[in-house]
Amino acid sequence: MSILTLRSLSGISQNRRMNVFSREMKQRQKDWAAQLQDSQQYDYLRQEVGSRVADRAAGPTFHTEVVERFCLTDVSQQSLRRMRPSEIPTHCVLADEEFLPFKENTFDLVVSSLALHWINDLPGALRQIHQVLKPDGVFIGAMVGGETLYELRCSLQLAETEREGGFSPHISPYTAVTDLGNLLGQAGFNMLTVDIDDIQVHYPGIMEVMTDLQGMGESNCAWNRKSLLHRDTILAAAAIYKEMYGSEDGSIPATFEILYMIGWKPHESQAKPAKRGSATASFGDLSKTGRPSGTDQP
Amino acid sequence: MSGSNVWSRTREKMRLFPELFAQCANEAAVYGKCVAATTTGTQELRKDLCAKEFEALKICFTNAVSASVSNCHTESSV
């Protein structure tokens, strides 16, 4: 009897716990990137996505009349130190996104911009976000998805196959947009909105792509990553990338597929789907609506 | 960071990569085309399928490296 109970308890926490990424490595990479002399030059992607997220949240700026206080969390202490001071009182919390140190029903709004793609237990993290939100609170997130860096992924894959006879993953796995809706629903969010944006950035060559990714703190930290990239493979990948994807002006594109998501914590005030059989009009009536008479067509 | 170590020396070498690579654009294109052809055609990519083309690229690149190294040596006498 007690064995059965234990089993069902572990069943509640969603089968085996996923462990794809080394969070410690990610923290080290972010710390390193944040202390670079010219770290701002790698901020362009984060800034672009951040402004698009803010648009979805409240328009270009948050005003003090609307927002009482900000709470900023990051797994890297150096990244937190880099944050610019703002007129809204900001609380900085050093925390792992997978273990949010907040009580239930604390926040009206949770925003996550380009952080969720390094989380091991994404369903768990989404559930925690759901928990720390107040009822009728909203979560707005942006994460990189499925097709991100496919050019780099393919070039490395082909180069490694031709040069070394096999390949190992260098790009971390991403969530597909089709899975995102399910994940949010399972975490308990309502009124979901998911949409995709493709940002294409042009670089002079493959080395610049990889250097910038490092500078952004976005190097691979998956446990299954190969730590060495042979010089021959880099050379081969550079040639393949340029040949297969290069533009006319000699630059190469790198695609970032950004998935934006909005989800609300349920509350009675939220609109619910109407009950079956409660319709007061029929779709068939649409064909009976006539054109307004006497109006000029432009 | 703390002085010169294997990481800073490697990074320094990698910084020169784009310039050297640009000098071998033709060889790179030939190799790239050879590999790219396997993605559309019926032939599957396997190890050393384009070894000849890669050798040409590698030789060109190595020559570019030694040329730049000798340039460095003559310039660093300042």
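The values are calculated or read from the model by the stated rules, or taken from the named source; none is laboratory data. None of these values were measured; they are calculated from a predicted model. In this analysis, Cβ positions are derived from the backbone assuming ideal geometry, glycine residues included, and neighbour counts consider all displayed protein chains. Quick note on the areas: whole protein, heavy atoms, side chains included, nothing else; ligands and nucleic acids left out. Shrake-Rupley method; radii C 1.70, N 1.55, O 1.52, S 1.80 Å.
Structural remarks
- When A:Glu160 is tested against the conditions (1) open to solvent by 30 Å² or more (accessible area, probe 1.4 Å); (2) under 16 Å from A:Leu229 (Cβ atoms); (3) acidic (Asp, Glu), the lone failure is (1).
- Residue selected from region A:164-189 under the condition part of a helix (DSSP H, G or I) and crowded, with 23+ Cβ neighbours inside 10 Å, by the criterion nearest to the other protein chains (Cβ to nearest Cβ): A:Leu180
- Here the condition is being in a loop (DSSP other than H, G, I, E, B) and more than 9 Å from chain A (Cβ to nearest Cβ); of B:Glu55, B:Glu44, B:Glu12, B:Glu19, it holds for B:Glu44 alone.
- Taking the criterion of being more than 11 Å from chain B (Cβ to nearest Cβ), surrounded by fewer than 17 Cβ atoms within 10 Å (Cβ to Cβ) and out of contact with any Pro (no Cβ under 8 Å at 6 or more places or on another chain), the residues of region A:229-254 that qualify are A:His230, A:Glu248, A:Asp249, A:Pro253.
- Inter-residue pairs, beta-carbon under 6 Å, first in contact (Cβ under 8 Å) with a residue 12 or more places away in the chain and in region A:165-192, second among the charged types (D, E, K, R), 6+ apart: A:Ser168/A:Lys226; A:Ile171/A:Arg153; A:Ala187/A:Arg127
- Selection count where residues are touching an Asp or Glu at 6+ places or on another chain (Cβ under 9 Å) and farther than 13 Å from A:Asn190 by Cα, scope region A:135-145: 3
- Residues of region B:25-37 that are surrounded by fewer than 23 Cβ atoms within 10 Å (Cβ to Cβ) and either within 8 Å of another protein chain (Cβ to nearest Cβ) or of a type outside the set (S, T, N, Q) (or both): B:Ala25, B:Glu27, B:Ala29, B:Val30, B:Lys33, B:Cys34, B:Ala36, B:Ala37.
- Among the residues making up region A:140-163, those that are within 14 Å of another protein chain (Cβ to nearest Cβ) and of a type outside the set (Val, Ile, Thr) are A:Tyr150, A:Glu151, A:Arg153, A:Cys154, A:Ser155, A:Leu156, A:Gln157, A:Leu158, A:Ala159, A:Glu160, A:Glu162, A:Arg163.
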